[in-house]
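The values are calculated or read from the model by the stated rules, or taken from the named source; none is laboratory data. Fair warning: this is a prediction, and the values are worked out from it, not measured in the lab. No Cβ is skipped: glycine too gets one built from the backbone with ideal geometry, and neighbour counts run over all protein chains shown.
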Amino acid sequence: MNKLLESAGIALEAIWGSKLRSLMTVLGNIVAVTSIIAVVSLIQGLNASVSNAILNQAGADSFSVQQFPLAFSDEEFDKFRYNPRITLSDARAVRRYSPVVSAVMLDSNGSGQVVHRGRTIDTVSIQGVTPEYGSFSTYNAERGRIMSATEVERSRPVALVGWDVADRLFGTADPLEKVIQIEGVHFRIVGVSAKRGSFLGRSQDAFAVIPLGQFQQIFGSRRQLNMSVKPRDVSQITAAMDDAIVALRVSRRLKPAQPDNFGLFTSDTFLGLYRQATNGIFAVLVGVVALSLVVGGIVIMNIMLMVVTERTREIGLRKALGARRSDIMAQILTESVVLSAFGGVIGTVLGSSIALAISSLTPVPASVQVWSIALGIGITGVVGLFFGLYPAARAARLDPIEALRRE
């Protein structure tokens, strides 16, 4: 341990003695680690933001049934083009058939204008729901309450609004029991949902939830319906999906050889699609950036070879005074690792700062993880170790007599 500390001390003295050269030596590492930390932080922030957005919309404890399954080409979509719409009879079939299903909800979505006493929000997501909507975790009320099943069933003109709608229309005033106009129709606010935040600069709180009957009066009954199904327990979600498939096939009188004419989706489905679409891009991006680490390592190796040449007499003197080959190896390797890791530390600070600056100035989120910082510094240490082996071995092989003779 003492020898390692002694080698580290000698290495630090050598680095400090040539500050400008040391900085130029690790410039490649600084650029590489800065880029890697910034890219990884932005990727982590984007992944977390997408996951939260998907969970806010789909929920982790339920799955949805939609008119069309996933289609990755026009040819695939042509096969599903004439799938029947989701109907109330489909929801009744699933609810009646499966003993593990606790709630089945139908909903439809549109976009409309919301007005209150001269204040207008032009583009608000309007969602019509059936009475079972209260069983799903994506619906909540931070203030007031959610719409009751009776109110929804009887199509009362009541609404549950998002945090952003309440804030923009009422500011600091209490929005509960106030009357707003949705596409010209009056609704009474009974609750305000908890704040969800924004996704890529777009608010997730600009919405209003109303009874499906009211929604169809405003937007028409031809709007597409989606079905959400919640099992009695999250562990039973696979069984509930299997039951839903059987119930829908029987209800729609599909023959055994006929494919399903509907699609089932969970939050994992959407997350999987996102990862499938982006993982390759992110891997290539990080890989290209990491190539500069190799360039930085080659620069360090060349500089260390030059250092060995410049300090030939010093190395010869140390060997003549009793230093072993392992001591010389340790000195040069320690200097190479410390030099490379120093570049990693600077790059980590710069990369984290750039990622946080981008996050604060743009809608792109960033998340600086401890593991990414440790990885950035650790990689540069490994690079310094690997590319310092050859110069260290060359220094250790020097003959002390020939080294002392060299001018």
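Every residue, every condition in (1) hydrophobic (A, V, I, L, M, F, W, C); (2) closer than 28 Å to R95 by Cβ, yes or no:
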| site | (1), (2) |
| --- | --- |
| Y133 | no, yes |
| I146 | yes, yes |
| E151 | no, yes |
| W163 | yes, no |
| A173 | yes, no |
Selection from the range 247-264 of residues in contact (Cβ under 8 Å) with a residue 40 or more places away in the chain and basic (K, R) yields R252
Inside the range 18-49, the number of residues satisfying the requirement of being touching a residue at least 12 places away in the same chain (Cβ under 8 Å), more than 10 Å from the chain's Cα centre (by Cα) and in a helix (DSSP H, G or I) is 17
Exercise for review: With respect to R154, determine if the residue is closer than 27 Å to D233 by Cα, surrounded by fewer than 17 Cβ atoms within 10 Å (Cβ to Cβ) and not aromatic (F, W, Y).
Suggested key: no
request  = Say whether the condition of being in a loop (DSSP other than H, G, I, E, B) and in contact with a Phe, Trp or Tyr (Cβ under 8 Å, 6 or more places away or on another chain) is met by at least one residue in the range 214-222.
outcome  = no
Requiring at least 3 residues that are in contact (Cβ under 8 Å) with a residue 60 or more places away in the chain and not assigned by TED's automatic domain parsing to the domain that holds H116, the strands (runs of 3 or more DSSP E) wholly within the range 146-197 are none
Among residues of the range 160-208 being aromatic (F, W, Y) and in contact with a Ser or Thr (Cβ under 8 Å, 6 or more places away or on another chain), the residue farthest from Q113 (Cα to Cα) is F199
Filtering the range 169-188 for residues that are within 35 Å of the chain's Cα centre (by Cα) and crowded, with 18+ Cβ neighbours inside 10 Å leaves a count of 4
